[in-house]
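Here's the structure, in structure tokens; my notes come after.
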């Protein structure tokens with residue numbers, strides 16, 4: 001493979017990443033028959049009705065845009081984030097879920113799992129760790145409680 005230049009992200013990249021990944025999860029759910037809407041509520045980004053189970057899901061999207069050499073870094077989800085999502089889900093009478101989206105070139109990995117299952121994946125004190133090492137990605141692939149989709153991408157031509 002050719003040399004990939006170091007990327008200098010914009011000052012607003014974190015905000016743009018969050019907006020993009022929320023829209024990506026919303027798009028994928030909609031594409032697969034979920035009635036869903038992006039919402040602006042403390043702890044919850046998306047509300048969706050599962051067409052298979054009729055379950056009403058409250059989803060918090062956690063995203064990271066990794067630089068070269070950091071692709072395997074875990075995604076930390078703080079217990080306070082879980083509490084905020086659970087509170088929002090009580091308000092809207094839905095079940096709490098997390099979507100974890102990681103841009104780790106050359107892939108954008110997308111995972112959706114219940115907050116309950118996420119809690120079983122890591123028992124840290126202040127935060128949970130959604131791990132992204134190759135071994136962990138292989139384990140996620142076989143975990144029936146995690147829904148997964150991913151994109152492989154390549155920049156064919158860009159400014160130098």
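Under the condition of being at pLDDT below 90, within 23 Å of residue 56 (Cα to Cα) and out of contact with any strand residue (DSSP E or B) (no Cβ under 9 Å at 6 or more places or on another chain), the residues counted in the range 110-160 number 1. Against the conditions (1) within 18 Å of residue 17 (Cα to Cα); (2) without any contact (Cβ under 8 Å) to a residue 60 or more places away in the chain, residue 108 satisfies every one except (2). Of the strands (runs of 3 or more DSSP E) contained entirely in the range 46-105, those carrying at least 2 residues that are out of contact with any helix residue (DSSP H, G or I) (no Cβ under 8 Å at 6 or more places or on another chain), without any contact (Cβ under 8 Å) to a residue 40 or more places away in the chain and crowded, with 21+ Cβ neighbours inside 10 Å fall at 95-104.
The values are calculated or read from the model by the stated rules, or taken from the named source; none is laboratory data. Not measured: the values here are computed from a predicted model. We place every Cβ from the backbone using ideal geometry, glycine too, and count neighbours over all the protein chains shown.
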